[in-house]
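Here the structure is laid out as structure tokens; the discussion comes afterwards.
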Amino acid sequence: QIPGAFLTSLLEALECGYGKFRNPYHNQVHAADVAQTVHCVLLRTGMLVRGGRGHRGQPCPQGCHGPRVAQGGMLVALGMSPRGRPAWRGTWHRWCPHLVVTHRLRALVIEMVLATDMSCHFQQVKSMKTALQQLERLDKSKVLSLLLHAADISHPTKQWAVHSRWTKALMEEFFRQGDKEAELGLPFSPLCDRTSTLVAQSQIGFIDFIVEPTFSVLTEVAEKLVTPLAEDGSKAKGNPAATPQPSSQWRQPSLDEHLELGDIKADLAGFRSTWTKHIQDNKQKWKERAASGITNQASIEELSPCEEPAGPHRENGDVE
């Protein structure tokens, strides 16, 4: 229901608006990174297949209201910048006489972008944990909001070369804000003082209290959404009319594939082990820097996007 011309014009306007202020971190490259991360999570957890199943009119497994998990997540990830609102508004008004779907998408974008605000973080994670514990059906928009929020803060779940690059860019943006605050005689905002911010310690705390809990609950959500689909696929094996086919969540299966429960569980476990390994590795590197006395801006100056060679890539672009 989303014409290519609409999507193209929206993305071009968003890219222009997001790069306007030339921020080191919050720019169009960050938006693209978030979009790629959303896609990777949807693919590796099997949620992309789950969203497609509902779209084809097949019964959706219990656990989530609405079928457009994959479609909504990708579009919203690309349109997450608050500075993109003028671009979105212009594109939306140009198409709205013809597309009722843009009204729904616009409302979803607004809800999800607001949910990326860190002031919403703890309540968002708590609410999702409660829903999982009480075996409630998960609201589609809440799942998408959690997915986008997780992607927005995901760089510690990636290789050190990637994580360190984004950390360097983010801290430089914070420090520039602190420089401006100093010029205006204002008190420093948290993490914005170049001379006293303990970068290594701040990243360790960010991983422990923000990133790891977020990705843990996101993985639990994926398990709740995808496992019933795999169970339905296993039951279909007993149906003579069904023809089971091999499945791999590392690539996008066809929407008519019957998914093996064992494969789904293995892929979900692999997703959890991948991000867990990276955050533990990254946290250890920060601890080593802190132990050696490299705690402030010096730890940022050392970092380089090429400090470690990138790992091999899978066919879908994901890094091993």
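Where a number appears in this text, it was derived from the coordinates with a stated rule and is not lab data. As the structure is a prediction and not an experimental result, all values here were calculated from the model. When we count neighbours, we look across all protein chains shown, and the Cβ atoms used for this are built from the backbone with ideal geometry, even at glycine.
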Practice task
Treat the count of other C-beta atoms within 10 Å as a stand-in for reagent exposure and order 188, 209 from fewest to most.
Solution key: 209, 188
Problem - Candidates per chymotrypsin sites (Phe, Trp or Tyr not before Pro) in the range 1-44, loop by DSSP, up to 11 other Cβ within 10 Å - result: 21
Exercise for the section: Return the distance in nm (one decimal) between the two label points of a simple spin-label model at residue 7 and residue 114, each offset 7 Å from Cα along Cα→Cβ. Expected result: 2.7
Handout entry: Whichever lysines have a C-alpha closer than 29 Å to that of residue 158, once near sequence neighbours (fewer than 8 apart) are set aside
Key = 20, 126, 129, 140, 142, 168, 224, 265, 277, 283, 285, 287
Problem - Kirkwood Rh and Cα Rg combined as Rg/Rh, the range 156-227 - result: 1.15
Practice task
Work out how much length residue 220 to residue 281 would gain on full extension: take 0.36 nm times their residue separation and subtract the Cα-Cα distance, in nm to one decimal.
Solution key: 19.7 nm
Problem - Segment residue 135-residue 16, length gained on full extension (0.36 nm per residue, minus Cα span) - result: 38.5 nm
